[in-house]
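Structure first, then comments.
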Amino acid sequence: MGETEAIELSITEIITRLNTEITDYTGVKKWQEQTGGQAVGWLPPDVPVEIIAAFGLLPVAILGSQAEVKMASAHLPNYVCSYMRSSLDLVLQDKLNFLAGLIFPQGCDAKKHITDLFERNSQWTFLHRQLLPKQLDRPSSRVYFAQEIRRLISELKRFSGVDPTEEDYRMAVTGYNLNRGLLRQIVEIQQKKRTLSNEQFFAIVKSALLLPVAQCNVYLAEIIDAVSAESADETKIPLVLSGTIVESWELLRTLDEFGLTIVGDDLYAGYRYYNQDLLLDEGIRDPEERIVAAVVKRHYGQIPYSNYFAKDLDKKAFILDLAARTGARGVVFALLKFCDAVDYDYPLIKEALAEQKIPSIKLEIEFQSAASGQLKTRLQAFAEIIRGRGNGI
Amino acid sequence: MAFKKIDFKTKGFLKKTMEDYNTQAMNAHAQGIPVAWVTAVFPVELLYAMDIFPYYPENFGAASGTHRRTEELSLIAERRGYSNQYCSYAKAGLGLMYGNAEQAGKEDFGGEMPQPDLLLPSNIQCTPLGKWFEITAKYYNKPLFLMDSPQIEASSWESQKAYFLQQIHELVAFLETSTGRKLDLDRLCEVLNLSTQACDLWNQVLLFAKNKPARITYWDACILMGPIVCWRGRPEAVHYYTELVKELEERAASDLVAVEGEKIRLYWDHIPIWPKMRYFAEFFGNRQTSIVCSLYTHSWAYKFDAAHPLETLAESYMREFVNYRFDQRVEKKIKLMREYEVDGFIFNLNDSCKPNSLALIEKKNVISERLGIPGMLLEADMCDPRFFAEGPIQNRMESFLEMIGSKK
Ligand code: SF4
Ligand code: SF4
């Protein structure tokens, strides 16, 4: 008993340190002071961070903010998702000035059009729009995506004056592969043991999106040591979470409160980021073409994303399979208000889950919303439904 | 002086032209002609050249708005878990699809849209169209082909053109395989020429709003544009617009104007509020105000180069205004505003069309500053009455016009 408590404390301790590093980009700013290096912002999905890192630049994800939106409302209509709204607010409040530039993937309509506003309201000389083909099935898609990755490399060269060597690419890939591998280990342990709270788990994922990779890897290894020593918590109910990004810590805490633990997700600021390594094909001699080919290969082996169209990449099938693989007993759709493309997929998935008798719940979330009484009541009822079934009642 | 709308003499011809379109759409299957659902900005000339009937579900969406059916239809989709915050066209379309299923056998509910054999969305305009078509494709178990158009980016332009062109080739192959029909390039050239002619005539029509006072307004144009959307590439569009241009020339000769005593000229962005068309036309007309231009109605200005049929399709459709980013869109708006000599502009933060209205607040500020004219923001859904509050909107429009009037 005493031993378990000691380990508990140590997980908590590690996460506390980690949280200090990721709050207000503290870790990034420290890195900048120590190394004099430049950080480049990026947003999920599908920006190949390894390439940024190969240029000696630190990739830092912009993940919005839960703080009250102060200035963005004067620039945006009210129907923009809170991720984009709060991120633009960070720009307007000069809170991202520590970044040397930004890579903005055109992953959805909101991102596509808000990029202009980021550009207009910032001082960055480097703002790269990463264009993403939205159909994935046909040969033209890969050709164009590869061209876009080449364009990213050439723009980074122009901006940084650096031409990465073969070794630079290799080192960056190794660091991030290790990172993604560690994250996968953690989620696998979580699937078996459910030791970490949702809040802890997503703080860990967030650290991978925000911290220098080497530093993050040390934390992740420590966490794995700590959780490996733990025994499984069978009282917690395993769940799948579907959405794009979850910055609503109130939601995560409320899930924790009712013993509901996320063991699988399809978030772009989640499993989509770390589900695969980048595999360099040694058969390709040119180092640049080698990394382009690796990024293309990973991209076309990705999990579904509602803004992409692909015949055989069915999100419904993916969620059903994920639930089966992870032993999840329910699915939480945590959908950002006004994130329409993702929302369109919800009814058919819900229907399929119902057919399989898998309970699901849809929550409309916003970065700024605190856990309302209604949310608590709904989640409590959801937990009871699952528990009732689980006990065969 | 009270505004009195003067009907077009060619009104009957327009009605017939549009009825013919709908009849052909609904009868296509019976005649063995495949129906492809397409989005407004889609290289539809390929379809006409291959005798595949292109059907525009957005028109149905707009018509549901005009006939005040959006809410009723949307509620059907909402009961299935779809959200009331989507684009109203999609809400109406999904509502009709599910409503038809629920009411099978009850005759008077639906049948307003032909069932698709193929679904061909493009995302030049937006993603919601693709999502709506995707759900429909699954429902009817029919193939979907997304024509993907990344936003125009100077440093990516060559590969973008190559990408779009390669997709045109893929589209042709897809159409040939799915329908067993072959594309004949000579036939395509004929269609392209018809399309160019129709676009040219349509732009002649729009130019009649340049006159001071204007001979037609934006409210007219929103109705008159039906054939350029649906019949582009077919003789029907050319015939109708030829007659319309003649009529407008007559109007000009007899000095007939759209708004008697016109004092104020405005630009509108972009889709009208369909259920309130008459209200808006009368509101402005009664205040001697003409809405004279909008990028929405000026979208159809293709000049195809039939010597390079596939290349010209690729380039022309990619260059549609909705595929440009902030600065270029602002330039296009400014150009129109200058050409049509407007005194101000109205931008609607249309809940439905999130992508195309997301940056309008900043655009308003930029344009006002550049041109030294005032702009006004509206907040109204283009179809769904649940997101339209007439009282406050009317008050704001009143004060806006007063402000412009007092400056003149
Ligand atoms: S949450 Fe949805 S709307 Fe917002 S940026 Fe992500 S995909 Fe786009
Ligand atoms: S109104 Fe806007 S969102 Fe709706 S279909 Fe048209 S372009 Fe797309």
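Computed from the coordinates by the stated procedures, all read-outs in this text should not be read as laboratory data. Since we're looking at a predicted model, the values are computed, not measured. A quick note on method: Cβ atoms are made from the backbone with ideal geometry, for glycine too, and the neighbour counts reach across all protein chains shown.
Report whether or not residue A:111 is within 16 Å of ligand 2 (Cβ to nearest atom) and surrounded by fewer than 24 Cβ atoms within 10 Å (Cβ to Cβ).
yes
When you scan segment A:270-363 for helices (runs of 4 or more DSSP H) that lie fully inside it, which ones turn up with 3 or more residues that are under 23 Å from residue A:110 (Cα atoms)?
The qualifying helices (runs of 4 or more DSSP H) are A:271-274, A:340-355.
Residues that are more than 16 Å from ligand 2 (Cβ to nearest atom), in contact (Cβ under 8 Å) with a residue 40 or more places away in the chain and of a type in the set (D, E, K, R): does segment A:123-136 have at least one?
No, segment A:123-136 has no match at all.
List every residue pair whose Cβ atoms lie under 9 Å apart, where the two residues are 6 or more positions apart in sequence or sit on different chains, the first residue falls within segment A:140-167 and is touching a residue at least 60 places away in the same chain (Cβ under 8 Å) and closer than 15 Å to residue A:286 by Cα, and the second residue, located anywhere, is among the aromatic types (Phe, Trp, Tyr) and crowded, with 21+ Cβ neighbours inside 10 Å.
A:153/A:55; A:164/A:55
Assuming residue B:358 fulfils every condition listed in (1) in contact with a Leu (Cβ under 8 Å, 6 or more places away or on another chain); (2) more than 16 Å from ligand 1 (Cβ to nearest atom) apart from one, which condition is it?
Every condition holds for residue B:358 apart from (2).
Residue by residue, here is whether (1) free of Cβ contacts under 8 Å to residues at least 24 places away in the same chain; (2) more than 14 Å from chain A (Cβ to nearest Cβ); (3) part of a strand (DSSP E or B) holds:
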site: B:134; (1), (2), (3): yes, no, no
site: B:151; (1), (2), (3): no, no, no
site: B:158; (1), (2), (3): yes, no, no
site: B:193; (1), (2), (3): no, yes, no
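In segment A:325-351, which residue that is more than 11 Å from chain B (Cβ to nearest Cβ) and in contact with a Leu (Cβ under 8 Å, 6 or more places away or on another chain) is nearest to ligand 2 (Cβ to nearest atom)?
Of everything passing the filter in segment A:325-351, A:334 is nearest to ligand 2 (Cβ to nearest atom).
Let me confirm something: among B:352, B:299, B:406, B:294, which residue is polar (S, T, N, Q) and without any contact (Cβ under 8 Å) to a residue 24 or more places away in the chain?
Result of the check over B:352, B:299, B:406, B:294: B:406.
Kindly provide the set of residues from segment B:166-180 that are within 9 Å of another protein chain (Cβ to nearest Cβ) and touching a helix residue (DSSP H, G or I) at 6+ places or on another chain (Cβ under 9 Å), ordered by number.
B:166, B:167, B:169, B:170
Which one of the conditions (1) within 14 Å of chain A (Cβ to nearest Cβ); (2) buried (at least 16 other Cβ atoms within 10 Å of the Cβ) does residue B:79 fail to meet, given that it meets all the rest?
Among (1) within 14 Å of chain A (Cβ to nearest Cβ); (2) buried (at least 16 other Cβ atoms within 10 Å of the Cβ), residue B:79 violates only (2).
Need the failing condition index for residue A:65 against (1) buried (at least 22 other Cβ atoms within 10 Å of the Cβ); (2) assigned to a loop (DSSP other than H, G, I, E, B); (3) away from ligand 2 (no atom under 16 Å from the Cβ), just the number.
Of the numbered conditions (1) buried (at least 22 other Cβ atoms within 10 Å of the Cβ); (2) assigned to a loop (DSSP other than H, G, I, E, B); (3) away from ligand 2 (no atom under 16 Å from the Cβ), the odd one out for residue A:65 is (1).
Can you give me the number of residues within segment B:351-372 that are more than 30 Å from residue B:93 (Cβ to Cβ), touching a helix residue (DSSP H, G or I) at 6+ places or on another chain (Cβ under 8 Å) and surrounded by 19 or more Cβ atoms within 10 Å (Cβ to Cβ)?
Here the count works out to 1.
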